[in-house]
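Comments concern the structure below.
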Ligand SMILES: [Zn+2]
């Protein structure tokens, strides 16, 4: 970690959501199939459930104020009435609970004595019920990363949300296939925000979870959320980092963004401004003949334009304390999250086509000086009216630096505003699901199934099978370590050969266009057995797999078709003799040093039909005879 | 709320010793560490071995008291105090609608601190939860009683009917009754008979998904119900529930032909053998059936008494004749039988029914087919039933027939008059023509 970052005091709390490999969803008997087609749909509205304390969750109000209806698309192959919120949830799936408990145990978490399923209010439409069902199964625990202990806060079993298909101004569309799939969520203590270390923590946690053998593999089965804060500042929640290599970028971006917002706040306090005063006025009339394309487009569509005047922010909307970090962008993101595209602020009037004369007229009309920022909000009247107070609220936050928000990670590793941070009082018991007492029997059973620590296992693979660390980690990550160990013991082959055929070769061959389906474990082990039994040489394995994959042949058929049956010793001797004969002058000149050249020639002649070790032995014997030495 | 609601056994004594009550912030020491959180109530059927704390994250966890070493009250809880913002000023031009609460909860609020759910009771409450109501009508909510749907009895029907009669006198433009879903169809039938000729719409609404969840169907059913009660041009007793899975349309079912046909779906209620009375969309009426009674009719003559001693029985293969005898023994004055097919029962049951009728009882036949009408003239068994004095009730739903028998016996002076009323079509409980393709 660089000194600069340590001084910033960036803290990052990781929350990892890992899909479990359960055969059914968490609260119904539906399979965890991904659907491509959705023959049925229905439409729902969610309203915020009110809290007894009179307050409604700010995030819930935010979503409700958008007043969007939700369209749900479903297919009976992947969802039933439970996902449609038309039938009470069935009891918690045993395999989901067991897997989550095992994950908790693996992380050294303390299992609670009684599991209580809660309803966590989520009214962005991603749950048909308006809440997510979730239960803490473990508290505490830790993870050792590069000698540093990272604390586990909690291990939670939860249902996944519906998959969003699209969104427009008035509605969102979701698919129900993913809704209800079992996830385990692990929340870690915040760590100092060295981006690389954060990524490493996530990698370690992912491996620890995989070591249980109970988690799903493949794209989209693991998702990272980050809680990022600068020393003393408010926490920003960043959702949905799907790829591990984006983590450092996201941390970096968020650090830069938060620092930038703090610098903007410092500038304001330097100006003696402790609060921003805002006023809003309808300027549709004044903007009638505007040269701004954005405003004109909205006005043509029957929209209106409201001008928000913010005191003291003149020149600060477009100021970039860091590259591409500016208040104007933050405010525009809030607008966009509310389906409002048309906002223009005074620092970009010229760029947006507003002339100086037009600005002067506007400033006169609004009685505002250049020290004030003007934000023009253009769009459908209902959308503008809903957005203006939200934009004013965001502008006012400028004096306090970083607002507590929920943001989404983008594909490029940046973050974008989603909604205000939810309050803490948004959970209540799921009374449809009885509490589950964790019995002594279950605890004992779990203790027996705690997997070998992944780091211990990688070290053991290196030691027992003489693998390089790189290959050992690859074997571990590939999830076929059990097969690797079995084949290495069973076959008379170097474990590194077994490992590279099992984990290296498939990815190389898929890049070369061999279908993944033709590189399954049965095929790989068959080809290894063919090498082991001397039917072919290990050098021919890539060609055999390619032929088998692209021509739909079995391993034996591919061996015959390619003519790569292993050459017998007599055939090898014949080829060695002819090569030696051909290169006699070189041998006489270079002696033993001619070995590599001759070896290459012989292998080329034999086109992979011989075991390199056998060829090498015969060739060395022959050279020794010729150069008058006895062997080597 | 009691101080330690739901706790019993060793967990109760543990908490008492610690001086804790619900809502307090506790710190307990377990065998593996210290946990702190808010003490929340224990459910009725929870065991006596666990203490439930709500962690700061909002999650509840159960901790085994036998491994808890100590507990300390960190902070005493504060009773939640809720004051709903005052409802918007009622617009003078809007109709007045009385909302009678009987136990079904249409809107409620959650105490996230403890997880308790409290139903909306006052007008302010209801408005803050379903703000759309203020644009539809001037509503006056009132709790008549609070019983689960399955615990409703004819005496409750009488109370509701009497309150509706009074409301009409008070000048309400319509009445909405909130009710649990389970016996909603029975109550709808009962009110249809008791309030025959009612000059305003009387709309029963319910929710298949509980009101404490953001996805509850209750608010939309309520908005539609209030809208119909206040503005519809027709009168009578109807059930307003979701037309389909979506929140966009609410169906109105005539009170004597409505049945709950699914345990959990939003569109569980269907009109059997008749078209829907009406369909309500987001902007009001989208469809209104022909021939509904008009608002303001002058033939309102409520008869709100019911005779409870009526038995409904479903015939099944090997049904013992002793069941009919037992009905006689408990003093049943009428028997409604759900026969098979066109309305059949076994020979033994025919004989018992004859004895029941000869003893002065009223015996009626409906069909367990749900769709279609009974006909006792086609087969020998049917003719035997007719001969035994059993009344065939056309296509009347068996549940409606039960309620009607209770009402008829409560409001007639002779058995002859009761029989006459039983087979007459009073509020659309039977139809005279059946059609292909009519929904079940
Ligand atoms: Zn399902």
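Since every read-out is calculated from the coordinates, none of them should be taken as a lab result. Model, not experiment: these values are computed from the prediction. When we count neighbours, we look across all protein chains shown, and the Cβ atoms used for this are built from the backbone with ideal geometry, even at glycine.
Write down the Kirkwood hydrodynamic radius of the stretch A:304-393, to one decimal in angstroms, obtained as one divided by the mean of 1/r over all alpha carbon pairs.
By the Kirkwood definition, the hydrodynamic radius is 13.3 Å.
Relative to the first principal axis of the alpha-carbon coordinates of chain A, what is the inclination of helix A:612-627, with its axis defined by its Cα atoms, in degrees from 0 to 90 and to the nearest 10?
With both axes taken from Cα atoms, the answer is about 50 degrees.
Divide the volume of the convex hull of the Cα atoms of the protein assembly as shown by its number of residues and quote the answer in cubic angstrom per residue.
Dividing the Cα hull volume of the protein assembly as shown by its residues yields 265 Å³.
Rounded if a/c is under 1.5, else prolate if a/b beats b/c, else oblate: with a ≥ b ≥ c from the C-alpha gyration tensor eigenvalues square-rooted, which is the stretch A:432-490?
Judged from the Cα gyration tensor, the stretch A:432-490 comes out prolate (a/c at least 1.5, a/b above b/c).
Measuring from the lowest to the highest alpha carbon on each principal axis, how far does chain B reach, largest first, in angstroms?
That gives 79, 58, 40 Å along the principal axes, largest extent first.
Could you tell me the extents of the stretch B:96-288's C-alpha atoms along the three principal axes, largest first, rounded to whole Å?
48, 35, 34
Just tell me how shielded B:206-212 is by partners: mean number of partner chain Cβ atoms within 10 Å of each residue's Cβ, no decimals.
Rounded to a whole number, the mean comes out at 3.
Taking Cα atoms, how many degrees apart are the long axis of helix A:454-465 and the longest axis of chain A, rounded to 10 and kept between 0 and 90?
10
Taking square-rooted eigenvalues a ≥ b ≥ c of the alpha carbon gyration tensor, is the stretch A:74-170 rounded, prolate or oblate, where a/c under 1.5 means rounded and, failing that, a/b exceeding b/c means prolate?
The shape class here is prolate.
May I ask you to derive the relative contact order of chain B, considering only C-alpha pairs under 8 Å and at least 6 residues apart, and to give it as an integer percent?
Across chain B, relative contact order equals 11 percent.
Can you give the FRET efficiency for residue B:301 and residue A:393, using 1/(1 + (r/R0)^6), R0 = 56 Å, r = Cβ-Cβ distance, to the nearest 0.05?
0.40
How big is the stretch A:223-267 in terms of Cα radius of gyration and Dmax, in angstroms?
Over the stretch A:223-267's Cα set, Rg and Dmax evaluate to 11.5, 37 Å.
Using only C-alpha atoms and all pairs of different ones, pull out the Kirkwood radius for the stretch B:256-341 in Å with one decimal.
Values: mean 1/r = 0.0571 Å⁻¹.
About 17.5 Å, per the Kirkwood formula over Cα pairs.
Sorted by mean Cβ packing within 10 Å, highest first, what order do the peptides A:344-355, B:242-253, B:47-58 take?
Numbers: A:344-355: 18.4, B:242-253: 22.3, B:47-58: 20.2.
Descending mean neighbour count gives B:242-253, B:47-58, A:344-355.
Of B:274, B:226, B:67, which is the most mobile in a GNM of chain B whose springs link Cα atoms less than 10 angstrom apart?
Result for chain B, Cα springs under 10 Å: B:67 fluctuates most.
Is the stretch B:2-75 rounded, prolate or oblate when judged by the Cα gyration tensor, a ≥ b ≥ c being the square roots of its eigenvalues, rounded requiring a/c under 1.5 and prolate requiring a/b larger than b/c? The partial results should precede the final answer.
Numbers: a/c = 1.30, a/b = 1.17, b/c = 1.12.
Judged from the Cα gyration tensor, the stretch B:2-75 comes out rounded (a/c under 1.5).
Hey, what's the Kirkwood Rh for the stretch A:569-631 if you take every pair of different alpha carbons, in angstrom?
Evaluated over the stretch A:569-631, this radius sits at 11.4 Å.
Could the peptides B:370-377, A:180-187, A:158-165, B:27-34 be put in order, highest first, of the mean number of other beta-carbon atoms found within 10 Å of their residues?
Values: B:370-377: 16.9, A:180-187: 24.8, A:158-165: 19.9, B:27-34: 14.1.
Ranked from most to least packed, the peptides come out as A:180-187, A:158-165, B:370-377, B:27-34.
For a Förster distance of 51 Å, can you work out the FRET efficiency between the beta-carbons of residue A:444 and residue B:369, rounded to the nearest 0.05?
The pair residue A:444/residue B:369 has a calculated efficiency of 0.40.
Compute the acute angle (0 to 90°) between the alpha-carbon long axis of helix A:381-396 and the principal axis of greatest extent of the alpha-carbon atoms of chain A; round to the nearest 10°.
For helix A:381-396, the angle is close to 80 degrees.
Return P(r) of the stretch A:3-235 (all Cα-Cα pairs; 5 Å bins starting at 0; whole %; ordered from short to long distances).
1, 7, 13, 16, 16, 16, 14, 10, 5, 2, 0, 0
Other chains near A:107-113: what is the mean number of their Cβ atoms within 10 Å of each residue's Cβ?
Working: counts 0, 0, 1, 5, 1, 11, 12.
Averaged over the peptide's residues, the number is 4.
Principal axis lengths of chain A from Cα atoms, whole Å, largest first?
Answer, in whole Å and largest first: 105, 64, 51 Å.
Grab the Cα-Cα distance for residue A:565 and residue A:365, subtract it from 0.36 nm times how many residues apart they are, and report the gain in nm with one decimal. Each step should come with its number before you reach the end.
On the way: separation 200, 0.36 × 200 = 72.00 nm, distance 9.02 nm.
Stretched fully, the residue A:565-residue A:365 segment lengthens by 63.0 nm.
Would you please put A:14-26, B:154-166 in order of how densely packed they are, using the mean number of other Cβ atoms within 10 angstrom per residue and starting with the highest?
The packing order, highest mean first, is A:14-26, B:154-166.
Among A:117, A:514, which comes first, second and so on when ranked by fewest other beta-carbon atoms within 10 Å?
Values: A:117 26, A:514 20.
Exposure proxy ranking, most exposed first: A:514, A:117.
So how many Å³ per residue does the convex hull of the Cα atoms of the stretch B:142-205 work out to?
Each residue corresponds to 76 Å³ of Cα convex hull volume.
As an exercise, use a Förster radius of 51 Å and the Cβ-Cβ distance of residue B:166 and residue B:74 to find the FRET efficiency, rounded to the nearest 0.05. Don't skip to the answer; put the middle values down first.
Values: r = 53 Å, r/R0 = 1.03.
Calculated transfer efficiency: 0.45.
To the nearest whole number, what is the average tally of beta carbon atoms from other chains within 10 Å of the beta carbons of peptide A:129-136? The partial results should precede the final answer.
Values: counts 5, 6, 4, 0, 0, 2, 3, 6.
The shielding value for this peptide is 3.
Once the convex hull of the C-alpha atoms of the stretch A:454-562 is built, how many Å³ does it hold per residue, rounded to a whole number?
89
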